[in-house]
Amino acid sequence: MNSPSTKAAPAPASYYERHIFFCLNERKNGEECCAQHAAQAGFDRCKQQVKAQGLAGPGKVRVNKAGCLDRCAGGPVAVVYPEAVWYSYVDANDIDEIVESHLKDGKIVERLLTPAHLGR
């Protein structure tokens, strides 16, 4: 009698090596939100840098917009998958460092990590 295999099937290769999602949520009621902290500019800069460095496309990096990621207190925020690394950024230099270090070289930018306790 054959016993069922206890090994999980290997995961299929991901279409993208990494995804970065930028919260672009804007709260209409005046509550704190990423849109109030130039989140669109961060997204635009990241997308431009990823393309300029030839990092975009299948098997590489995808830059995505997201609605509320529920980490408003750390905003503006972005999260990189598959590592599930959360970043809080301030300006174009921070975005450039995330692109160069994490998205290109796979090295987490420790100084930009969103503190674990910050939520909404």
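Filtered by the rule that a residue be touching a strand residue (DSSP E or B) at 6+ places or on another chain (Cβ under 7 Å), in a loop (DSSP other than H, G, I, E, B) and of a type outside the set (A, V, I, L, M, F, W, C), the range 90-117 gives a lone residue, T114.
Taking the range 1-50 as the range and being within 20 Å of I98 (Cβ to Cβ) and modelled with pLDDT under 85 as the test, only S14 passes.
Pairs linking a residue in the range 107-118 that is touching a residue at least 24 places away in the same chain (Cβ under 8 Å) and within 10 Å of V77 (Cβ to Cβ) to a residue that is of a type in the set (G, A, S) and part of a helix (DSSP H, G or I), with Cβ atoms under 8 Å and 6 or more positions apart or on different chains, are T114/G74; L118/A73; L118/G74. The residue that is farthest from D105 (Cα to Cα), among those in the range 17-34 that are touching a strand residue (DSSP E or B) at 6+ places or on another chain (Cβ under 7 Å) and assigned to a loop (DSSP other than H, G, I, E, B), is L24. Out of all the residues in the range 59-72, is one or more basic (K, R), at pLDDT 95 or above and over 15 Å from the mean Cα position of the chain (by Cα)? Looking through the range 59-72, none of the residues is basic (K, R), at pLDDT 95 or above and over 15 Å from the mean Cα position of the chain (by Cα).
Among the residues making up the range 25-43, a single one is more than 18 Å from L112 (Cβ to Cβ) and under 14 Å from the mean Cα position of the chain (by Cα): Q40. Within the range 35-85, the set of residues being surrounded by fewer than 19 Cβ atoms within 10 Å (Cβ to Cβ), touching a residue at least 60 places away in the same chain (Cβ under 8 Å) and outside any loop (DSSP other than H, G, I, E, B) comprises just one member, Y81.
The values are calculated or read from the model by the stated rules, or taken from the named source; none is laboratory data. Please read all numbers here as calculations on a predicted model, not as lab measurements. Cβ sites come from the backbone with ideal geometry, for glycine too, and all protein chains shown count toward neighbours.
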